[in-house]
1. Take residue 136 and decide whether it is farther than 16 Å from residue 59 by Cβ, touching a residue at least 12 places away in the same chain (Cβ under 8 Å) and either in contact with a strand residue (DSSP E or B) (Cβ under 6 Å, 6 or more places away or on another chain) or not in a loop (DSSP other than H, G, I, E, B) (or both).
2. Starting from segment 93-105, keep only residues that are touching a residue at least 60 places away in the same chain (Cβ under 8 Å) and on the phi < 0 side of the Ramachandran plot, then list their pairs with residues that are part of a strand (DSSP E or B) and surrounded by fewer than 16 Cβ atoms within 10 Å (Cβ to Cβ) whose Cβ atoms are within a distance under 8 Å, requiring at least 6 positions of separation or different chains.
3. Restricting to strands (runs of 3 or more DSSP E) lying wholly in segment 28-131: which have 3 or more residues that are surrounded by 14 or more Cβ atoms within 10 Å (Cβ to Cβ), at pLDDT 85 or above and touching a helix residue (DSSP H, G or I) at 6+ places or on another chain (Cβ under 7 Å)?
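The values are calculated or read from the model by the stated rules, or taken from the named source; none is laboratory data. A quick note: this is a predicted structure, and the numbers were derived from the prediction, not measured. Don't worry about glycine lacking a Cβ; one is built from the backbone with ideal geometry, like all the others, and counts go over all protein chains shown.
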C-alpha cells in the first residue's frame, strides 16, 4: 500500500512538472508574470483614478512606426492605451493578438466628448452625448510578451 501511494504521488509530480509554462520576452524593467490581474477586474473598480497595477491582457494594436505604444483589448469598455515610462523601451510591432503582462501606473479619467465620439464611432458603438465616458491609459515600466519565434 505504501509503495502504491508513493508511485501514484511520483506519477502526479511527473505529470505536473512536465506541464509547459508560458515563456515571455521581457521589455523595460524586469517583472514576473505571477499575480497579474485580468483587465476587467481592474476596469470595473469604480473608485480607480490612478493606481499601480499588473495586468494580463491581449494586445489589440501596436504603433507600427516604433512600437512606442500599444492598445490592450478591453471587452468591458474602451481599450487601454499603454505607453512606456520615459520612452526608455519599445515593444515589437508584430505583437497584436498576443498575450502581454504589463506593470505600471493605470489612470482612469473622463474623456473629452469629441474624443469619446471619435472612439465610439471607431469602435462601432453608438455615442450618447448625455453619458460621460472614461478613458484608461497606462504608463508601463515593464512588459512581458508571450514568446514566439517571430519576435
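1. Working: farther than 16 Å from residue 59 by Cβ: no; touching a residue at least 12 places away in the same chain (Cβ under 8 Å): yes; either in contact with a strand residue (DSSP E or B) (Cβ under 6 Å, 6 or more places away or on another chain) or not in a loop (DSSP other than H, G, I, E, B) (or both): yes.
The answer is no for residue 136.
2. These pairs meet every condition: 103/52.
3. In segment 28-131, the matching strands (runs of 3 or more DSSP E) lie at 50-62.
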